[in-house]
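Please read the structure below before turning to the comments.
A short reminder: the numbers here are calculations on the coordinates, not readings from a lab. Given the structure is predicted, the values throughout are model-derived calculations rather than measurements. Cβ atoms come from the backbone with ideal geometry, glycine included; neighbour counts cover every protein chain shown.
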Amino acid sequence: MRNRDDWIELELTKQKERLKYIDATLNSRDFCDFPPRRIYFEPTNACNLRCGHCAAHNGSMTREQGFMDVGLFKGILEDIKDWNRCTELVLHQHGESTLHKEIDEICRLASIEYDFFTKLNTNGVNLTPELSRKLIKANIDYIVFSIDAITPESYAQIKGRPHFERVLNNILNYLELWGEGEREYPNYFACDIFLVEEERNRNDIPIIREMFERLPVGHVEVYELFNYMGSVQEANSKHPERFEIPRDQWPVCNTPWDVLGVRWNGDVVACIYDFDSRYVVGNVKDNSIREIWNSERMRTFRKSMIAHQFDEVEKNGPLCSDCTIMWQEDYQVPNDFYAEIKRMEGYLSGAIDRVHSRHKRTDELLQKHSYLKENRQTWHDELMRRIQPMRDRYCAETGTEQLSASELED
């Protein structure tokens, strides 16, 4: 957002609308008289990696690949422009958004022209210094790097490509550029680091946290591995209670009351995790987001969640019946009004603290930026020394060779 003081207004409005969300979900209503808290846009569903934990690119996705038309995106923003104080925009779904040749314009439209709070997720492979400058100028509120591993070998295994060194340098370049020069609309945060915890990177997490927290990084976030409706094998063993509890006692997933997904071709999906668009609720070329949000198909999806009867929404393949997301507590609808009000208090306090302390926080990040500028090579060398025993152990356990210097530079 252009004015960071507006974050308080944004959070206040979000929590006011959340009262309606709590009322709707506690009373099992399928009509939402409030907008989605977040809309996830898909600039593209193409990707330059093959992560095993991503159903869209581990061989499971069958839908056509493409790139969102910028004119289509702007039309959607025009439709929802008065939601910019209650709805956040995430410019990523099931692809690598920086592959879109006009991603900086997409970011500029959302962040500056329509003044939404925006977030961009990227694997960092394609993030050249030129693109970094363009994204910084476009005033993205948060850019999130999905790194997932801290050794070249574990990175290559998880990501399907040996791009560890390139990505590491692209992140460092971005952080250096973030702290340099003036911008028309000050952005007080640099980036977050994101990783999905799985067997292959569990030992990487402490070093990732420690090393990146020395840099101008807002947070290092670790998320639970999700099975993408059975398409990610390792996660299928999570939450074994789903095989033991009768379906009518399953939790209710909050996703269709909370967020909405818009695919590159304008299709809108009731569940953002529906990587293959198995249940499409409309298309923005035919109807507005406002109409689709409470369309008959969207309300049917919500009813199926409430009743735990998924046949109607699973005619094109498994969705909710074979999903681990609903078993994660943060994805379950409220069951206690006063407990939710207490959570809202925490959200509001956090938002006020973020705005109140943003200049102090920025100063701390800029100090870390100075550290990076002065100690980049030292930081890099220390990281390489610390991960060498992990690389040796990994290669010994798997019977593989360490990646060569030329492979690391790929």
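A simple rule links phi to the HN-Hα coupling: the Karplus curve 6.51 cos²θ - 1.76 cosθ + 1.60 with θ = phi - 60°, which for the stretch 86-103 gives 8, 10, 8, 10, 10, 9, 6, 9, 10, x, 9, 4, 6, 6, 6, 5, 10, 5 Hz, with x for Gly and Pro. Once you've got the GNM for the chain with C-alpha springs shorter than 10 Å, pick whichever of Arg247, Arg302, Arg166 has the biggest mean-square fluctuation. For the chain, modelled as a Gaussian network with Cα springs under 10 Å, the answer is Arg247. Between their Cα atoms, which of Lys16/Lys74; Lys74/Lys360; Lys74/Lys373 are more than 32 Å away from each other? Pairs exceeding the cut-off: Lys74/Lys360; Lys74/Lys373. The alpha carbon gyration tensor of the stretch 196-325 gives principal lengths a ≥ b ≥ c with a/c of 1.5 or higher and a/b no greater than b/c, which makes the shape oblate. Among Cys54, Cys271, Cys395, whose mean-square fluctuation peaks in a Gaussian network model of the chain (Cα, cutoff 10 Å)? Ranking Cys54, Cys271, Cys395 by mean-square fluctuation puts Cys395 first. Here's the list of lysines a cross-link from Lys238 could span, going by alpha-carbon distance under 30 Å and ignoring same-chain residues fewer than 8 apart: Lys119, Lys159, Lys303, Lys315, Lys342. The gain in end-to-end length when the Arg343 to Thr400 segment is fully stretched comes to 15.7 nm, 0.36 nm per residue minus the alpha carbon separation. On the beta carbon distance between Asn27 and His359, with R0 = 45 Å, the FRET formula returns roughly 0.60. For the chain, the cysteines with no partner cysteine C-beta closer than 4.7 Å are Cys32, Cys47, Cys86, Cys107, Cys191, Cys253, Cys271, Cys320, Cys323, Cys395. At what distance in angstrom do the alpha carbon centres of the stretch 85-105 and the stretch 2-43 lie from each other? The stretch 85-105 and the stretch 2-43 have Cα centres spaced 20 Å from each other. For the stretch 192-339, the dipole from Cβ point charges (+1 on Lys and Arg, -1 on Asp and Glu) about the Cα centre works out to 480 debye, to the nearest 20.
Rounded to 0.05, the FRET efficiency of the Arg50 and Lys74 pair, given R0 = 41 Å and the Cβ-Cβ distance, is 0.80.
Of the Cα atoms belonging to the stretch 263-399, the radius of gyration and Dmax stand at 23.8, 59 Å. Near the amide H of Gly282, within less than 5 Å, lie the amide hydrogens of Val268, all on another chain or at least 5 residues away, with H placed in the peptide plane.
Diagonalising the gyration tensor over the Cα atoms of the stretch 10-96 and scaling each eigenvalue by 5 before taking the square root yields semi-axes of 30, 18, 11 Å, largest first. Of all DSSP beta bridges confined to the chain, the antiparallel ones make up roughly 25%. Pairwise inverse Cα distances across the stretch 18-68, averaged and inverted, put the Kirkwood hydrodynamic radius at 14.1 Å.
Here the label points at Leu366 and Gln233, each 7 Å from Cα along the C-beta direction, are separated by 5.1 nm in the simple model. Here the Karplus relation 6.51 cos²θ - 1.76 cosθ + 1.60, evaluated at θ = phi - 60°, turns the backbone of the stretch 368-373 into coupling constants of 5, 5, 4, 4, 4, 4 Hz, with x for every Gly and Pro. Can you give the Kirkwood hydrodynamic radius for the chain, in Å, rounded to one decimal and based on Cα pairs? After inverting the mean inverse Cα-Cα distance, the result is 22.4 Å.
Here the dipole of the chain is about 440 debye; that uses its Cα centre as origin and unit charges on the Cβ of Lys and Arg (positive) and Asp and Glu (negative). Modelled spin labels at Glu102 and Glu197, positioned 7 Å past Cα toward Cβ, are 4.1 nm from each other. Here the Kirkwood formula puts the hydrodynamic radius of the stretch 116-244 at 16.0 Å, using every distinct Cα pair. Just to be sure I understand: with springs between alpha-carbon atoms less than 10 Å apart, which residue in Pro206, Pro129, Pro251 has the highest mean-square fluctuation in the Gaussian network model of the chain? Sorting by GNM fluctuation, first place goes to Pro206.
Remark: the Lys373-Asp248 segment gains 39.3 nm on full extension, using 0.36 nm per residue and subtracting the alpha carbon distance.
Phi angles across the stretch 276-290 convert, under the Karplus curve 6.51 cos²θ - 1.76 cosθ + 1.60 with θ = phi - 60°, into 3J(HN,Hα) values of 9, 6, 6, 9, 8, 9, x, 9, 5, 6, 9, 9, 6, 4, 4 Hz, Gly and Pro given as x. Dividing the summed helix terms, -39500 (n - 2.57) for each DSSP H run of n ≥ 4, by the number of residues in the chain produces a 222 nm estimate of -12500 deg cm²/dmol to the nearest 500.
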